[in-house]
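The values are calculated or read from the model by the stated rules, or taken from the named source; none is laboratory data. What you see is a predicted model, and the numbers here were worked out from it, not measured in a lab. Counting neighbours? That spans all protein chains shown, and the Cβs are built from the backbone with ideal geometry, glycine included. Each accessible area value is taken on the protein alone, full model and side chains, heavy atoms only, with ligands, DNA and RNA left out. Shrake-Rupley method; radii C 1.70, N 1.55, O 1.52, S 1.80 Å.
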Amino acid sequence: MRKRVCLLILTSAWFCAFPGRTLAKAAGNSPAARAAAIVARMTHAEKLSYVHGYFPPYQKPLPTWMANAAGHVPGIPRLGVPALRESDASLGVANNVEQRPGDTATALPSTLALAASFDPGLARAAGAMIGSEARAKTFNVLLGGGVNLTRDAWGGRNFEYFGEDPLLSGVMAGAAVTGVQSNHIISTVKHFALNAQETGRDVLDARLDRDAMHESDLLAFRIAIEEGRPGSVMCAYNKINGTYACENSWLLEDVLRTEWRYPGFVMSDWGAVHSTNQAVLAGLEQESGQELDAQIYFGEPLAAAVVGDRAIRQRLDEMVTRIVTAVISSGLYDDPVPLITQPIDVPAHADVAQRVAEAGMVLLKNERGVLPLAGAARHVVLIGGRADIGVLSGGGSSQVRSVGGIPVELPLTEGAAMSFARVSWHASSPLRALQAAAPSVRFTFLDGRDPAAAAAAARKADVAIVFATQWRTEAQDVPSLLLPDKQDALIEAVAAANPNSVVVLETGGAVLMPWLHRVAGVVEAWYPGQRGGEALARLLLGQIDFSGHLPLTFPSSVDQLPRAMPADPKQPIVYREGANVGYRWFAEQGMTPLFAFGYGLSYGRVAYRQVHFTGGARPRVGMTVRNLGEQATIALPQLYLIGPERAPPRLVGWMRTKLSPHEERRITVMADRRLIPRRHGGRWTVMPGSYRLIVGNDADDAFASLNVRLANSNNAKR
Ligand code: BGC
């Protein structure tokens with residue numbers, strides 16, 4: 001008798017400590033079933049409280065239970081339902097304009113650099129790193145996974161996205177999301193969908209044929225969701241074919257829920273909600289950053305709407321259930337994030353940042369062996385870009401306050417990004433890194449403000465390296481694809497003074513290069529993150545090989561682009577290129593870009609032979625790859641499909657293969673089946689007709705191709 005009483009007491013004590021968790025586990029079912037059991041125990045007020053969240057920077061004073069970050073949704077402790085502590089996290093745990101003084105995090109290179117690695121394993125490692133820092137900093141929802149396609153070369157946020165190709169973007173974003181969520185926290189993918197320009201992003205109406213959208217931007221999202229299973233999708237600011245994304249039932253209900261069977265929840269972008277009933281019924285589950293909307297639509301107005309409207313009441317249950325389902329399926333419910341900060345393995349995380357920088361930088365030009373520097377160069381002058389102190393970073397909500405500090409930070413005096421962006425450099429000095437890595441070479445630095453002085457210094461050096469920067473930020477597009485602040489003239493002056501001139505670009509996307517024919521070398525370093533200087537030093541010195549490939553096309557002039565400048569958001573923006581984004585547009589128009597999608601040089605040389613294509617239901621190419629050099633290098637054959645008939649090429653597969661000196665290996669690149677059918681009249685079909693498989697070094701450089709027949713695999717997925 002005594003024992004039984006004791007057991008009862010113990011059981012109820014445990015039940016008291018974790019009542020919700022006990023109940024949910026007792027249900028023992030799928031995350032959705034467990035979520036439903038929890039929601040059934042919620043009061044009406046509790047349900048209403050979980051579908052909208054605060055924007056912490058507007059809380060004065062900030063409550064102690066809230067972190068000063070992007071968002072906060074209070075939890076329901078009696079049921080074990082956690083508060084959602086949201087941080088931006090595309091490139092690391094963000095802390096823009098130093099909202100949280102002194103809170104530093106590991107700053108990765110821009111997402112474009114990660115995309116340029118074509119390495120999903122690296123993307124996963126990068127996501128896992130960010131997720132673990134987020135957890136250690138008490139965040140449990142990360143607003144990463146930006147998967148918008150680059151439709152416009154001047155897009156302010158291009159650096160935050162994975163480039164112009166749906167397969168590359170989707171696979172890489174999905175891998176990053178998987179990495180984040182491996183920490184038992186939630187990741188988003190965003191901004192769903194067609195947030196392709198920053199100018200007027202909160203009002204613009206993006207017009208695009210639905211089938212074309214499915215073959216381009218939506219395909220990138222679908223692949224990212226299938227690969228990464230993010231707990232949440234963030235709907236975008238803009239309208240799509242006349243209706244705001246966050247109240248667009250075609251987008252949220254017909255596509256995301258019904259066709260893709262997405263089980264997670266939709267959260268709004270910050271300030272992207274415009275209605276209560278329409279948004280609720282269209283499929284929005286959570287209003288984020290509520291103070292940024294014209295009113296808190298999911299607050300009082302939703303409470304009122306629920307009273308008289310059965311459909312809204314049912315939706316409220318569904319909305320909360322979906323959010324709690326994501327909390328459970330991510331692992332967050334059963335493994336809650338401690339509210340006390342945890343230690344971070346800072347050096348190991350810095351290594352991840354360096355690996356991404358090393359894999360993502362792209363060697364665009366290398367004549368007369370000007371690189372690697374290790375040869376005859378005794379004196380190298382570095383010019384401009386503040387290369388003596390660090391590397392540039394992109395601006396906006398993704399800005400990380402990097403470990404090592406922000407040595408230069410320039411506030412903005414105008415523009416839409418003024419309140420939340422500063423032009424910032426990470427403390428990773430290329431000058432110091434080069435000098436440390438090659439002590440026998442003399443490296444000097446000149447700020448580049450005086451082109452004549454720069455030319456004079458270049459004349460005296462064996463090699464001159466100009467560090468050219470172009471800052472991009474969320475909320476503003478760049479006004480021109482030319483480098484700002486007369487840097488083109490600086491490069492011309494240096495190149496005229498020394499034939500061994502190299503340009504290192506720190507840009508957030510494609511730029512024009514009127515000086516290209518005058519310089520011997522060009523490296524696209526993107527925004528290379530808090531270890532960018534060290535990565536650059538190893539690559540420039542040839543200690544490791546370049547292996548990055550462009551995730552977007554570099555045009556030779558703005559006339560080649562579908563739109564030469566940001567479209568006027570007061571008019572609907574008709575995306576006339578349709579599904580033919582980036583390199584597909586160039587192919588369709590018969591234009592040759594400056595640098596093609598997929599392009600990238602290496603020091604090493606790789607030979608391909610015995611190339612064997614297979615068509616049918618699972619198209620692929622097998623080949624023997626051989627490293628012809630004395631150093632390790634990376635092969636990255638890309639598989640494109642043309643057809644039916646003359647439809648422009650699309651990337652259907654690639655393989656990144658590391659080869660040791662003289663290594664030979666047989667590899668197979670499979671075509672991803674999601675890229676083979678075309679979308680017509682709302683259906684995916686493998687169109688009859690002739691197809692051509694092409695394997696190449698980039699979208700414009702084939703080394704083998706074959707006409708094949710494709711069989712209908714009767715499967716739009718993989
Ligand atoms: C951005 C989102 C971001 C959110 C929260 C918005 O302005 O578009 O990408 O996650 O702010 O900071």
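Please work out which one of (1) surrounded by 14 or more Cβ atoms within 10 Å (Cβ to Cβ); (2) in a strand (DSSP E or B) is the condition residue 668 fails and give its number.
(1)
Just the residues that are more than 10 Å from the ligand (Cβ to nearest atom) and over 19 Å from residue 532 (Cβ atoms), please, taken from region 88-98.
The answer is 97, 98.
Looking at 489, 475, can you tell me which residue is among the small types (Gly, Ala, Ser), open to solvent by 10 Å² or more (accessible area, probe 1.4 Å) and within 16 Å of the ligand (Cβ to nearest atom)? Talk me through it step by step, then tell me what you get.
Working: 489 fails: within 16 Å of the ligand (Cβ to nearest atom).
The conditions single out 475.
If I filter region 168-183 for residues that are within 16 Å of the ligand (Cβ to nearest atom), in a loop (DSSP other than H, G, I, E, B) and surrounded by fewer than 24 Cβ atoms within 10 Å (Cβ to Cβ), do I get at least one hit?
no
Just name the residue that is nearest to the ligand (Cβ to nearest atom) out of those in region 232-247 that are assigned to a loop (DSSP other than H, G, I, E, B) and open to solvent by 10 Å² or more (accessible area, probe 1.4 Å).
237
Being farther than 30 Å from residue 104 by Cα, among the small types (Gly, Ala, Ser) and touching a helix residue (DSSP H, G or I) at 6+ places or on another chain (Cβ under 9 Å) is true for just one of 305, 353. Which residue is that?
From the options 305, 353, the qualifying one is 305.
Looking at 525, 495, 520 in this structure, which one is touching a residue at least 60 places away in the same chain (Cβ under 8 Å), crowded, with 19+ Cβ neighbours inside 10 Å and touching a Lys or Arg at 6+ places or on another chain (Cβ under 9 Å)?
Being touching a residue at least 60 places away in the same chain (Cβ under 8 Å), crowded, with 19+ Cβ neighbours inside 10 Å and touching a Lys or Arg at 6+ places or on another chain (Cβ under 9 Å) holds for just one of 525, 495, 520, which is 520.
More than 16 Å from the ligand (Cβ to nearest atom), in contact (Cβ under 8 Å) with a residue 24 or more places away in the chain, out of contact with any Asp or Glu (no Cβ under 6 Å at 6 or more places or on another chain) and of a type in the set (Val, Ile, Thr), is that true of residue 408? Please lay out each step first, then the result.
Values: more than 16 Å from the ligand (Cβ to nearest atom): yes; in contact (Cβ under 8 Å) with a residue 24 or more places away in the chain: no; out of contact with any Asp or Glu (no Cβ under 6 Å at 6 or more places or on another chain): yes; of a type in the set (Val, Ile, Thr): yes.
When the stated conditions are applied, residue 408 does not pass them.
More than 30 Å from residue 148 (Cα to Cα) and open to solvent by 10 Å² or more (accessible area, probe 1.4 Å): is that true of residue 422 in this structure?
no
The rows are residues; the columns are (1) open to solvent by 40 Å² or more (accessible area, probe 1.4 Å); (2) of a type in the set (A, V, I, L, M, F, W, C); (3) in a strand (DSSP E or B); (4) more than 30 Å from residue 658 (Cα to Cα).
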site	(1), (2), (3), (4)
571	yes, no, no, yes
577	no, no, no, yes
584	no, no, no, no
598	no, no, no, no
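Quick check, is residue 531 surrounded by 23 or more Cβ atoms within 10 Å (Cβ to Cβ) and either touching a residue at least 60 places away in the same chain (Cβ under 8 Å) or under 21 Å from residue 119 (Cα atoms) (or both)?
Taking the combined requirement at face value, the residue satisfies it.
Looking only at region 342-383, how many residues end up being more than 28 Å from residue 597 (Cα to Cα), at pLDDT 95 or above and in contact with a Gly (Cβ under 6 Å, 6 or more places away or on another chain)?
The number of residues fulfilling the criteria is 1.
Pick from 151, 85: which is within 16 Å of the ligand (Cβ to nearest atom) and either open to solvent by 10 Å² or more (accessible area, probe 1.4 Å) or touching an Asp or Glu at 6+ places or on another chain (Cβ under 8 Å) (or both)?
On inspection, the qualifying residue turns out to be 85.
Collect the residues in region 626-643 that are closer than 22 Å to residue 596 by Cα and open to solvent by 20 Å² or more (accessible area, probe 1.4 Å), keeping them in residue-number order.
Matches in region 626-643: 634, 642.
If I ask for residues that are assigned to a loop (DSSP other than H, G, I, E, B) and either in contact (Cβ under 8 Å) with a residue 60 or more places away in the chain or open to solvent by 40 Å² or more (accessible area, probe 1.4 Å) (or both), which ones from region 248-271 would you list? Full working, then the answer.
To start, the set of residues in region 248-271 that are assigned to a loop (DSSP other than H, G, I, E, B) comprises 248, 260-264, 269-271.
261, 263, 264, 269, 270, 271, listed by residue number.
Looking at region 671-683, which of the residues that are touching a helix residue (DSSP H, G or I) at 6+ places or on another chain (Cβ under 8 Å) and open to solvent by 60 Å² or more (accessible area, probe 1.4 Å) is nearest to residue 117 (Cα to Cα)?
Of everything passing the filter in region 671-683, 680 is nearest to residue 117 (Cα to Cα).
Within region 88-104, can you find the residues that are over 18 Å from the mean Cα position of the chain (by Cα) and either basic (Lys, Arg) or open to solvent by less than 30 Å² (accessible area, probe 1.4 Å) (or both)? Lay out the reasoning, then the answer.
At the first step, the residues of region 88-104 found to be over 18 Å from the mean Cα position of the chain (by Cα) are 97-104.
100, the sole residue that qualifies.
Among the listed residues 519, 466, which satisfies the condition of being more than 30 Å from residue 568 (Cβ to Cβ) and under 28 Å from the mean Cα position of the chain (by Cα)?
Unique residue meeting the criteria: 466.
State yes or no: is residue 681 out of contact with any strand residue (DSSP E or B) (no Cβ under 8 Å at 6 or more places or on another chain), modelled with pLDDT under 95, at positive phi and not assigned by TED's automatic domain parsing to the domain that holds residue 226?
no
Only residues that are open to solvent by 10 Å² or more (accessible area, probe 1.4 Å) and either assigned to a loop (DSSP other than H, G, I, E, B) or at positive phi (or both): list them for region 109-137, please.
Matches in region 109-137: 119, 137.
Go through (1) more than 16 Å from the ligand (Cβ to nearest atom); (2) buried (at least 24 other Cβ atoms within 10 Å of the Cβ) one by one and return the number of the condition residue 226 breaks.
(2)
Just to be sure, is residue 274 open to solvent by 10 Å² or more (accessible area, probe 1.4 Å), in a loop (DSSP other than H, G, I, E, B), in contact with a helix residue (DSSP H, G or I) (Cβ under 8 Å, 6 or more places away or on another chain) and at positive phi?
no
Mind checking which pairs have a first residue in region 186-207 that is outside the structural domain of residue 508 (by TED's automatic domain parsing) and among the polar types (S, T, N, Q) and a second that is open to solvent by 10 Å² or more (accessible area, probe 1.4 Å) and within 11 Å of the ligand (Cβ to nearest atom), Cβ under 7 Å, 6 or more apart or different chains?
Going by the 7 Å Cβ cut-off, the qualifying pairs are 187/145; 188/145; 195/201; 195/237.
Counting only residues that are of a type outside the set (Val, Ile, Thr), give me the strands (runs of 3 or more DSSP E) lying completely in region 616-656 with at least 3 of them.
In region 616-656, 620-627, 638-642, 650-654 are the strands (runs of 3 or more DSSP E) which contain 3 or more residues that are of a type outside the set (Val, Ile, Thr).
Of the residues that sit in region 453-472 and are open to solvent by less than 10 Å² (accessible area, probe 1.4 Å) and within 30 Å of residue 564 (Cβ to Cβ), which one is farthest from the ligand (Cβ to nearest atom)?
466
Can you give me the ranges of the helices (runs of 4 or more DSSP H) entirely in region 292-370 with at least 2 residues that are surrounded by 22 or more Cβ atoms within 10 Å (Cβ to Cβ) and in contact (Cβ under 8 Å) with a residue 60 or more places away in the chain? Before the answer, list the steps.
Working: elements: 300-308, 310-329, 346-360.
It comes to 310-329, 346-360.
Of all helices (runs of 4 or more DSSP H) completely enclosed by region 414-516, which ones contain at least 2 residues that are farther than 29 Å from residue 543 by Cα?
Details: elements: 430-437, 451-460, 487-497.
Correct list: 451-460, 487-497.
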